[in-house]
Amino acid sequence: EKVAPDLMYLDVSLVGKDGREVAQELKGNAKTKHIPIVILTAYPNADELAREAGADDFLPKPFELAELWKMTSKYTTSL
């Protein structure tokens, strides 16, 4: 709780919890709701899944490393 990330990438398919559930929990918490969340998924309806989860954006898989860097720079100022 002392250090918060600048950005979080969450895959839809996580072990134990779905990435969408995690995103909803984080966006529902006053301490973490400001952290941008990008959903990673190979599902064809990635935009809809990200929106339902309350995520800020999505990155469809497979993706190129350049796309990951572009998305990261969109939400962080340190790059």
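The values are calculated or read from the model by the stated rules, or taken from the named source; none is laboratory data. Computed from a prediction, not measured in an experiment: that's the story for all the values here. Virtual Cβ from ideal backbone geometry, glycine too; neighbours counted across all protein chains shown. In case anyone asks, the SASA skips ligands and DNA or RNA and just uses the protein heavy atoms, side chains included. Shrake-Rupley method; radii C 1.70, N 1.55, O 1.52, S 1.80 Å.
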Note to self: Any residue in region 24-43 that is charged (D, E, K, R) sitting within a Cβ distance under 6 Å of a residue that is in a helix (DSSP H, G or I)? List the pairs, counting only those 6 or more apart or interchain.
What the structure shows: K33/K27
Margin query: Between a residue in region 3-20 that is farther than 14 Å from G54 by Cα and any residue that is modelled with pLDDT under 85 and open to solvent by 40 Å² or more (accessible area, probe 1.4 Å), which pairs come within a Cβ distance under 9 Å, given they are 6 or more apart or on different chains?
Written below: D6/T77; D6/S78
Item checked: Qualifying positions in region 27-46 - part of a helix (DSSP H, G or I) and either within 23 Å of W69 (Cβ to Cβ) or more than 14 Å from the chain's Cα centre (by Cα) (or both) -> A46
Margin query: Can you report the number of residues in region 19-31 which are in contact with a strand residue (DSSP E or B) (Cβ under 9 Å, 6 or more places away or on another chain) and more than 17 Å from P60 (Cβ to Cβ)?
Written below: 3
Next item on the list: Collect the residues in region 47-57 that are outside any loop (DSSP other than H, G, I, E, B) and out of contact with any Ser or Thr (no Cβ under 7 Å at 6 or more places or on another chain), keeping them in residue-number order.
Entry: D47, E48, A50, R51, E52, A53, D57
Check: With respect to A53, is the statement that it is in contact with a helix residue (DSSP H, G or I) (Cβ under 9 Å, 6 or more places away or on another chain) and of a type in the set (G, A, S) true?
Finding: yes
Notebook entry, point to check: Considering region 45-79 alone, what residues qualify as being touching a residue at least 12 places away in the same chain (Cβ under 8 Å) and either loosely packed, with under 13 Cβ neighbours inside 10 Å or basic (K, R) (or both)?
Noted result: K61, P62, K74, T76, S78
Next item on the list: For region 1-42, name all the residues that are hydroxyl-bearing (S, T, Y) and exposed (fewer than 14 other Cβ atoms within 10 Å of the Cβ).
Entry: S13
